[in-house]
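Derivation of every value follows stated rules applied to the coordinates shown; laboratory data play no part. Everything numeric in this text was worked out from a predicted model, so none of it was measured. Glycine also receives a Cβ, built like all others from the backbone with ideal geometry; neighbour counts cover every protein chain displayed.
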Amino acid sequence: MLQIFGDFQDDYPPSQEFLSLAFSPSSAPIRQRWRVNGLSADFVADYMTTFFPGEDDLSSPSQQDKVRDAVSFIANELLENAMKFSDETSAFPIQIQLHLHSDALVFYVTNSIKSDDITRFQTLIQEIVSSDPDELYIQRLEANALDDANSGSGLGLLIMLTSYAARLGWKFETLPAEPPLTAVTTMVKMPV
């Protein structure tokens with residue numbers, strides 16, 4: 001079964017510059033790795049910034065720093081979410097891809113998801129795509145201030161929408177496996 005939410009697109013023309021990293025679930029527990037996501041996110045940001053189109057337009061170090069910071073933030077949030085919510089009982093790797101297009105940077109992060117978490121995550125997605133991002137962001141900030149244990153609030157996703165003008169989409173796909181396995185791909189398209 002395949003379900004699409006938000007602005008998910010996977011039919012972009014091939015990009016000349018892209019980066020793909022996969023984290024194998026067999027070498028170390030994925031939940032332990034989420035603490036070093038910043039290193040991976042910074043690597044992705046540094047790598048993509050060096051190939052950023054129109055370097056003449058980015059002659060100002062501050063503009064290039066803004067792009068690098070945005071890529072690092074988005075990659076870090078996506079990796080943290082993927083590792084936090086992946087099904088650690090599966091042998092399914094977590095993969096992040098970043099594609100550079102003339103008008104956008106497109107991130108794809110794919111991970112497995114526990115069947116118990118699918119409905120809750122899809123409910124969060126529906127709320128994000130059907131709400132005003134700025135209003136929902138304020139509501140979530142207030143809720144998090146009252147409840148420190150509130151995880152899965154979607155704040156990182158909302159920051160992508162409000163601070164980086166990103167477009168978000170998700171694809172849920174049931175894979176042929178025993179026991180059944182669902183993979184979720186989160187797509188973030190950030191204009192450049």
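Between residue 63 and residue 132, the contour length at 0.36 nm per residue exceeds the alpha carbon distance by 22.1 nm.
From least to most packed, judged by other beta carbons within 10 angstrom and beginning with the fewest, 190, 160, 1 follow the order 1, 190, 160.
Take the Cα of residue 163, go 7 Å toward its beta carbon, and the backbone nitrogen atoms of segment 65-102 under 17 Å from that spot belong to 65-81.
Computed from the Cβ-Cβ distance with R0 of 22 Å, the FRET efficiency linking residue 84 to residue 175 stands at 0.60. From its DSSP helices (H runs of at least four residues, each -39,500 (n - 2.57)), the chain gives a residue-normalised ellipticity at 222 nm of -14000 deg cm²/dmol. Cβ-to-Cβ counts within 10 Å put 109, 129 in ascending order as 129, 109, the fewest first.
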